[in-house]
Each structure stands twice: as structure tokens, then as C-alpha cells.
Amino acid sequence: TRLLQSQVDTLYIYSYMDELTGLKNRRSYEETLSALRALPSLPPMTVAELDLNGLKAANDSIGHSAGDTLLKGAAGVMKEVFAPYGDIFRTGGDEFFVLLRDCEVPQSELEERLLNAAERWRGPDGERLSLSYGFASSGGDSIPIDELMSRADKAMYETKRRYYEQSGTERRKK
């Protein structure tokens, strides 16, 4: 029965974890959001939405193993910056969400740490990491989690728009 329990424990872990990145997966994210929606009021928290810039181009030009390297790199950077303060989820191909509860670090400092960690990261073949991100904080206000997520989403798409505008590349390069 010890072996069987070990197998059950392993299956449980993998049902809530993204195997490639070691982050929590979409199932874990959806269950966490459901629990937050059920609360009478949302505790103070900061939400971040992150997206990898240029993943499709890397997959198409260098190969999917390079894309996997970028995804793992992004996960490592997010763990370095956010893991002490909350939960990090990979919810789709190159989409990530972070839920930070009772984080004493100002948002501007988190952004700076994120940008510095991403700038320092290098893949084994010299790959570089570029992330678009958006933050939203509830502060002391009782904002529904879906509104907080929507604000973070809008902020992320604004940084993504600026990235592609400044880089002069097409967002969905073929």
C-alpha cells in the first residue's frame, strides 16, 4: 500500500503542476480563482499577468526545443521574483498568472526585479528572454478577482503592444 500511496501522491502533484515549467497549472489556477470568487470580499492582493514575447517566432525559426527553453527560463525568472510572495501559474502556451497575497514589496520594485532577472537570463545557446506583463492591485479596496484579473490583462497587453511597436516586429510573425 505504501507504493500505491506514493503513486497516488505523484498523480495528485502532476494533476496540479505544469510538467515543463514546474509551476502550478491551469487546473490549479481555476480552482484558486473559484475559491477567491467564493470569498465575501477579496483580501488585499496583487495580480500579475505575464506573456512571453516572440515565442512563436522562436518556435518557428529555431525549433520547439528553443521555445521550451524560453518557457523554462521565464518560469525560473518568475520563481526567483514572485515565489516568496505567492502562487505562479502557467495557464496556457506562454501565458502566466501570479497571485500575490500580503506582499510587502511595492509593485514598482517587483517590476524592476522582474525586468532585471529577465535581462540577466541567458539560455544555453544564448537565447534571451522578453516578457510582457501587467500588474493590478486591490489595495484596501474590495475589488472582485475577475475585475483585478481584467486590469492586469489590459496592462499586460499595453506592455506587449509597446514591445512590438518598439522592436518593429510583427506580433504574430509567420
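The values are calculated or read from the model by the stated rules, or taken from the named source; none is laboratory data. None of the values given here were measured: they were computed from a predicted structure. A quick note on method: Cβ atoms are made from the backbone with ideal geometry, for glycine too, and the neighbour counts reach across all protein chains shown. Each accessible area value is taken on the protein alone, full model and side chains, heavy atoms only, with ligands, DNA and RNA left out. Shrake-Rupley method; radii C 1.70, N 1.55, O 1.52, S 1.80 Å.
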* To do: Go ahead and estimate [θ] at 222 nm for the chain from helices alone: -39,500 (n - 2.57) per DSSP H run with n ≥ 4, summed, over the residue count, rounded to 500.
  => -16500 deg cm²/dmol
* Under unit Cβ charges (Lys, Arg +1; Asp, Glu -1), what dipole magnitude, rounded to 20 debye, does the range 89-150 have relative to its Cα centre? -> 260
* Over the alpha carbons of the range 103-164, what is the largest minus smallest coordinate on each principal axis, giving the biggest first in Å? -> 46, 27, 17
* Asked: Given the options D94, D51, D125, which has the most mean-square fluctuation in a GNM of the chain, springs set between C-alpha atoms less than 10 angstrom apart?
  -> D125
* **Efficiency of FRET from Cβ geometry, L11 and R101, R₀ 45 Å, rounded to 0.05** => 0.95
* Asked: If the chain between K154 and A35 were fully stretched, how many nm would it gain, using 0.36 nm times the residue separation less the Cα-Cα distance?
  -> 40.5 nm
* What whole-number value in Å² describes the accessible area per residue of the chain for a 1.4 Å probe? -> 57
* Structure fact -> Once L20 and Q166 are pulled to full extension, the length gained, defined as 0.36 nm per residue separation minus their Cα-Cα distance, is 49.5 nm
* Mind telling me which of V47, V81, V105 comes out most flexible in a GNM of the chain, alpha-carbon contacts under 10 Å? => V105
* Structure fact -> Rounded to two decimals, the Rg over Rh value of the range 55-153 from Cα coordinates and the Kirkwood Rh reads 1.00
